[in-house]
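A.B. asks: The structure's right below; bear with me while I get my questions together.
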Amino acid sequence: MSYHNPVLLGPSVEGLNIKKDGVYVDITFGGGGHSKAILERLGKEGRLIAFDQDEDALDNEIKDDRFTLINENFRYLGQFLKFYGIRKVNGILADFGVSSHQFDSAKRGFSTRFEGDLDMRMSQRNELSAYEVINEYPAKDLGRVLKVYGELRNAEAMARSLVEAREKNPVKTSSELKQVLKRFLPAHKEHKILAQIYQAVRIEVNQELEAIKEFLLQTPDLLVEGGRLSIISYHSLEDRLVKRFILTGNFEGELEKDFYGKPIKPFKKVGNLVVPTEEEIKENNRARSAKLRIAERI
C-alpha cells in the first residue's frame, strides 16, 4: 500500500503554473506525490522546499539537489524560508487533512476503523493528544470542541457523557470512546457521527484551523506578483477559511476598500472550484470530499 495517494494531483500542480527556474513550496509533503510532480516540471535552476510535521514522512524524502524537506508545521513557513535564504517564492501547494498513512496506522488513532489508543497527533512531539482532550477538558470546553469543529448537534450532551464516564475510569481507546457515546450513534449514522467526533478532536489536538490561518496570512508577503496558491481542503471549516481569504484577504469574508473604493485584497481567484472526477473517487475514496482552489498574487 502506498504511503499516500495524492488527491487532485494533475489540477493542483498545473494550478501552480510552474516556471522551470522558480522556487516552490509543498507545505504538506506526506508521501511526496505532489512534490515529485513539481520536481518533474522544474529545470536545473528550480527549487522545491517541502514541509511535514509528521516524523514518518521523513522516510519518503526525495534524493534531489533541488529539494529540501523540513520536518516542521507549515505555520512556521516564513521563518524557515528565511532561514534557508528564501525571501520570495513562485508558488505554494497545500493538501490539508490526514494522509492515508496516518489513517491506516492503528497506533496513530486517527481512524474510527481500528482499535487503538486515543492519540491523533500529527507530530509525536506535540504534548496534547486526543487522550488529554477527552479526559481532561472541562465539559464546557469539550462541548465547544465537538460543536464547533465537529458540527455535532448533541455536542454538549456528548461532552457530559464523557465527563461522567471518565470520573469512573479514563477513556483510553477508540472502542471505549465508542462505548461511552453509544446512545448518540444510531446504526444508520454511526460511521458519519463518529467521523465528525474524530474530526473535532483531531482539529483541536493539532490546532489545524489556527495553523491554516497563520499559514495563509503569510502567503501575500512570500509570493511574487503572479505567484500561485494551490490549496486542497476536505471539509467546510477548512474550505471556508481558504475561500474567504482568496476572495477578501481576511477570514471574515468582508472585502475592505481603499479611499477611492478600490478593493484591498492580495489575491484573485484562478478558474473555478475543482473537485475530483468520479473515476478518481472510485480509485481513491478519500478524494470524495476534496476541493481545490487556486489563486494568484496581484
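A.B. asks: Would you check which residues across segment 106-161 are part of a helix (DSSP H, G or I), at pLDDT below 95 and surrounded by fewer than 21 Cβ atoms within 10 Å (Cβ to Cβ) and list them?
C.D. replies: Pass one, segment 106-161, residues part of a helix (DSSP H, G or I): 106-108, 130-136, 139-150, 155-161.
Checking the rest, the ones that are also at pLDDT below 95 come to 106-108.
Scanning segment 106-161 gives Ala106, Lys107.
A.B. asks: What number of residues within segment 121-146 satisfy the criterion of being closer than 25 Å to Lys189 by Cα and in contact (Cβ under 8 Å) with a residue 40 or more places away in the chain?
C.D. replies: 6
A.B. asks: Further, regarding this structure: Test Arg293 against the criterion of being modelled with pLDDT of 95 or more, among the basic types (Lys, Arg) and buried (at least 20 other Cβ atoms within 10 Å of the Cβ), and give yes or no.
C.D. replies: Numbers: modelled with pLDDT of 95 or more: yes; among the basic types (Lys, Arg): yes; buried (at least 20 other Cβ atoms within 10 Å of the Cβ): yes.
Against the criterion (modelled with pLDDT of 95 or more, among the basic types (Lys, Arg) and buried (at least 20 other Cβ atoms within 10 Å of the Cβ)), Arg293 qualifies.
A.B. asks: Counting just the residues of segment 162-189 that are basic (Lys, Arg) and in a helix (DSSP H, G or I), which one comes out nearest to Gly143 (Cα to Cα)? Write out each step before concluding.
C.D. replies: First, the residues of segment 162-189 that are basic (Lys, Arg): 166, 168, 172, 178, 182-183, 189.
When the remaining residues are screened for being in a helix (DSSP H, G or I), the result is 166, 168, 178, 182-183.
On the way: Arg166: 15, Lys168: 19, Lys178: 16, Lys182: 17, Arg183: 16 Å.
Looking at the filtered set, the residue picked out is Arg166.
Condition check ((1) of a type in the set (A, V, I, L, M, F, W, C); (2) over 24 Å from the mean Cα position of the chain (by Cα); (3) closer than 26 Å to Ile298 by Cβ) across all residues:
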residue	(1), (2), (3)
Arg41	no, yes, yes
Glu55	no, no, no
Asp64	no, yes, no
Ile70	yes, no, no
Arg75	no, no, yes
Lys88	no, no, yes
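A.B. asks: For segment 16-39, which residues satisfy the criterion of being part of a strand (DSSP E or B) and either at pLDDT below 95 or farther than 29 Å from Val205 by Cα (or both)?
C.D. replies: Listed by number, the list holds a single entry, Val23.
A.B. asks: Right, next: May I ask you to verify whether Gln218 is over 23 Å from Asp26 (Cα atoms) and either surrounded by fewer than 20 Cβ atoms within 10 Å (Cβ to Cβ) or in the same structural domain as Met158 (by TED's automatic domain parsing) (or both)?
C.D. replies: Numbers: over 23 Å from Asp26 (Cα atoms): no; either surrounded by fewer than 20 Cβ atoms within 10 Å (Cβ to Cβ) or in the same structural domain as Met158 (by TED's automatic domain parsing) (or both): yes.
No, not satisfied.
A.B. asks: Can you run down the residue pairs with Cβ atoms below 8 Å, 6 or more apart or on separate chains, where the first is in segment 79-108 and on the phi < 0 side of the Ramachandran plot and the partner is modelled with pLDDT under 55?
C.D. replies: Ser100/Met1; Ser100/Ser2; Asp104/Met1; Arg108/Gln102
A.B. asks: Mind checking which residues of segment 262-281 are without any contact (Cβ under 8 Å) to a residue 60 or more places away in the chain, surrounded by 14 or more Cβ atoms within 10 Å (Cβ to Cβ) and more than 19 Å from Val242 (Cβ to Cβ)?
C.D. replies: Across segment 262-281, the qualifying residue is only Ile281.
A.B. asks: Which is in a helix (DSSP H, G or I), in contact with a strand residue (DSSP E or B) (Cβ under 9 Å, 6 or more places away or on another chain) and not aromatic (Phe, Trp, Tyr), of Ile203, Ile212?
C.D. replies: Result: Ile212 is the single residue among Ile203, Ile212 that is in a helix (DSSP H, G or I), in contact with a strand residue (DSSP E or B) (Cβ under 9 Å, 6 or more places away or on another chain) and not aromatic (Phe, Trp, Tyr).
A.B. asks: For segment 278-290, does any single residue satisfy the condition of being within 26 Å of Glu115 (Cα to Cα), within 15 Å of the chain's Cα centre (by Cα) and not assigned by TED's automatic domain parsing to the domain that holds Gly33?
C.D. replies: No; the residues of segment 278-290 include none that is within 26 Å of Glu115 (Cα to Cα), within 15 Å of the chain's Cα centre (by Cα) and not assigned by TED's automatic domain parsing to the domain that holds Gly33.
A.B. asks: Among the hydrophobic types (A, V, I, L, M, F, W, C), closer than 30 Å to Ser35 by Cα and either assigned by TED's automatic domain parsing to the domain that holds Lys20 or not in a loop (DSSP other than H, G, I, E, B) (or both): is that true of Leu194 in this structure?
C.D. replies: Judged against the criteria, Leu194 is not a match.
A.B. asks: Additional query: Out of all the residues in segment 40-86, which are outside any strand (DSSP E or B), crowded, with 16+ Cβ neighbours inside 10 Å and among the β-branched types (Val, Ile, Thr)?
C.D. replies: Once the filter is applied, which keeps residues that are outside any strand (DSSP E or B), crowded, with 16+ Cβ neighbours inside 10 Å and among the β-branched types (Val, Ile, Thr), segment 40-86 yields only Ile86.
A.B. asks: Between residues in segment 181-192 that are among the aromatic types (Phe, Trp, Tyr) and residues that are part of a loop (DSSP other than H, G, I, E, B), which pairs lie under 8 Å by C-beta distance while being six or more apart or on different chains?
C.D. replies: Every condition considered, the pairs that remain are Phe184/Asn154.
A.B. asks: If you check every pair at least six apart or on different chains, which have Cβ atoms under 9 Å apart with a residue in segment 240-257 that is in the same structural domain as Ser230 (by TED's automatic domain parsing) and in contact (Cβ under 8 Å) with a residue 40 or more places away in the chain first and a residue that is of a type in the set (A, V, I, L, M) and in a helix (DSSP H, G or I) second?
C.D. replies: Here the result reads Val242/Ile212; Val242/Leu216; Ile246/Leu216, each pair linking segment 240-257 to a residue that is of a type in the set (A, V, I, L, M) and in a helix (DSSP H, G or I).
The values are calculated or read from the model by the stated rules, or taken from the named source; none is laboratory data. It should be emphasised that the depicted structure is a prediction, and the values quoted were computed from it without experimental measurement. No Cβ is skipped: glycine too gets one built from the backbone with ideal geometry, and neighbour counts run over all protein chains shown.
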